[in-house]
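All remarks here apply to the structure that follows.
The values are calculated or read from the model by the stated rules, or taken from the named source; none is laboratory data. All of these numbers come straight from a predicted model, not from anything done at the bench. Every residue, glycine among them, receives a Cβ derived from its backbone with ideal geometry; neighbour counts consider all protein chains shown. Just the protein is used for accessible areas: all its heavy atoms, side chains included, with ligands, DNA and RNA removed. Shrake-Rupley method; radii C 1.70, N 1.55, O 1.52, S 1.80 Å.
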Amino acid sequence: MRLTIRTLLTTGALAALAAFSAVALPGRATAADGVDAIKKRGTLIVGVKADYKPFGFRDPSGTIIGLEPDLAADLAKRLGVKLELVPVVSANRIEFLQQGKVDLLIATLSDKPERRRVVQAIDPNYYSDFVNVLLPKSSGITDWAQLKGKPVCATSGAWYNKDVARTYGAEIVAFDGSEKPLFALKQGNCIGYVYDQSMLQGKLLDDDWKANYALPLKGILDAPWMMAVAQGNTTLQAAVEDATKDWMKTGFIVNEEKKWGIEPTAYSKAMYEKYKNATN
């Protein structure tokens, strides 16, 4: 039996409900949770990838590590608080920020106008990357045009899926996260996996992938990555922007790329050159 419950709220009840909704639950982040509130809580909550080596992935113990968790750890240290990492995927990361499940996103989030309309972007961008396709060495593909009519695995929510399908005629087969499309690629369900180039370069650091797969195509659709906080969280925005400029000045991100086996990008090197002699 299906029961339908209808509740009539009086004006007073509606006011009480609104007041309750405005109260932050313990441990919950909201747009009002600026730096002071985070320090009072004692924890910075950051959404990161957990399936995106080397930017965010799990070590054998299950701990999330990588370049972006390192950035989050540096921010927590600057604020004098503990760090809590929350795993996110492309399809839910903005939702997690809007729902107050995290204070900050450092999750390979490409900078797009439609995203800036719903979150507060951190400027300057901390990273920039190309799009590429991980292909079997046996595929014989050397040009993007050769993807026409072929199934290409992808990650749900990636902004470039439609661009690749429209421009090159690839048949996009989307999965949640990155592990599922990689598994599908190994099973032969698609000709390649279209994703962020740096992540694919990181995958080729593993011997089992390096032996049979490669990146024979030139990267396309260069896009900067942004960190983001909830709209209205101006104090955290300012703190993260100050930290970002310091990372550029000291070469911290270039060093992180080297630490995690990534060839420093042209963007990271250019930003270091721009900021290294800055006085503020």
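How would you order 227-236, 253-262 from highest to lowest mean count of nearby Cβ atoms within 10 Å? The partial results should precede the final answer.
Working: 227-236: 21.2, 253-262: 17.5.
Answer by packing, highest mean first, reads 227-236, 253-262.
Could you give the length gained by full extension between K274 and A211, i.e. 0.36 nm per residue of separation minus their alpha carbon distance, to one decimal place? Working shown, then result.
Numbers: separation 63, 0.36 × 63 = 22.68 nm, distance 3.82 nm.
This chain segment gains 18.9 nm when fully extended.
Determine the sum of side-chain charges near G34: Lys and Arg each +1, Asp and Glu each -1, restricted to other residues whose C-beta is under 12 angstrom from that of G34. Intermediate values should be presented prior to the final figure.
On the way: positive: K39, K40, R41; negative: D33, D36, D103.
Residues near G34 contribute 0 overall.
So, R0 is 51 Å and r is the distance between the beta-carbons of A266 and K40; what FRET efficiency does that work out to, to 0.05? Display every interim value, and only then the final one.
Numbers: r = 41 Å, r/R0 = 0.80.
The value I calculate is 0.80.
For helix 67-79, report the angle its Cα long axis makes with the longest principal axis of the Cα atoms of the chain; keep it between 0 and 90° and round to the nearest 10°.
Tilt of helix 67-79: around 30 degrees.
Out of the DSSP beta bridges found with both residues in the chain, what percent are antiparallel (nearest 5)?
Details: 19 of 35 bridges.
Percent antiparallel among DSSP bridges in the chain is about 55.
Please list log₁₀ I(q)/I(0) at q = 0.16, 0.22 Å⁻¹ for the stretch 229-280, using the Debye equation with identical point scatterers on the alpha-carbon positions.
Debye output, listed in q order: -0.53, -0.80.
Given a Förster radius of 30 Å and the C-beta distance between E179 and D246 as r, what FRET efficiency does 1/(1 + (r/R0)^6) yield to the nearest 0.05?
Numbers: r = 34 Å, r/R0 = 1.12.
In this case the efficiency is close to 0.35.
Sort 72-80, 124-132 for me by packing, meaning the mean count of neighbouring Cβ atoms within 10 Å per residue, highest on top.
On the way: 72-80: 17.7, 124-132: 21.4.
Highest to lowest by the protection proxy: 124-132, 72-80.
Tell me whether the stretch 53-110 comes out rounded, prolate or oblate; compute the Cα gyration tensor, take square roots of the eigenvalues as a ≥ b ≥ c, and use a/c under 1.5 as the rounded threshold.
On the way: a/c = 1.68, a/b = 1.09, b/c = 1.54.
Oblate.
Answer rounded, prolate or oblate for the stretch 143-239, using the Cα gyration tensor with square roots of eigenvalues a ≥ b ≥ c: rounded when a/c is under 1.5, else prolate when a/b is larger than b/c, else oblate. Mind showing how you got there, number by number?
Details: a/c = 2.13, a/b = 1.66, b/c = 1.28.
Prolate, since a/c reaches 1.5 and a/b exceeds b/c.
Putting +1 on Lys and Arg Cβ atoms and -1 on Asp and Glu Cβ atoms, find which of G251, L75, V35 reaches farthest to the positive end of the dipole of the chain.
V35
Of (i) 6, 26, 31, 20, 11, 4, 1, 0; (ii) 7, 29, 35, 21, 7, 1, 0; (iii) 5, 19, 23, 21, 16, 9, 4, 1, 0, which is the value of P(r) over Cα pairs in 10 Å bins from 0, in percent derived from the coordinates here?
Checking each listed value against the structure points to (i).
So if I take the centroid of the Cα atoms in the stretch 241-272 and the same for the stretch 127-185, what is the distance between those two points in Å?
27
Within the stretch 177-205, name every residue whose backbone N is under 11 Å away from a label modeled 7 Å from Cα of V118 along the Cβ vector.
In the stretch 177-205, the label zone of V118 (backbone N under 11 Å from the point 7 Å along Cα→Cβ) covers no residue.
Please report, as a whole percent, how much of the solvent-accessible surface of the chain comes from carbon and sulfur atoms (probe radius 1.4 Å).
On the way: 7580 of 14030 Å².
Its accessible area is 54 percent carbon and sulfur atoms.
Could you give the angle, 0 to 90 degrees to the nearest 10, between helix 266-275's Cα long axis and the longest principal axis of the Cα atoms of the chain?
Once rounded, one gets 50 degrees.
Could you do me a favour and compute the accessible area per residue for the stretch 65-206, 1.4 Å probe, result in Å²? Don't skip to the answer; put the middle values down first.
Working: 5750 Å² over 142 residues.
I get 40 Å² per residue for this part.
To the nearest 10 degrees, how steeply does helix 234-250 sit against the main Cα axis of the chain, on a 0 to 90 scale?
The helix 234-250 is inclined about 40 degrees to the chain.
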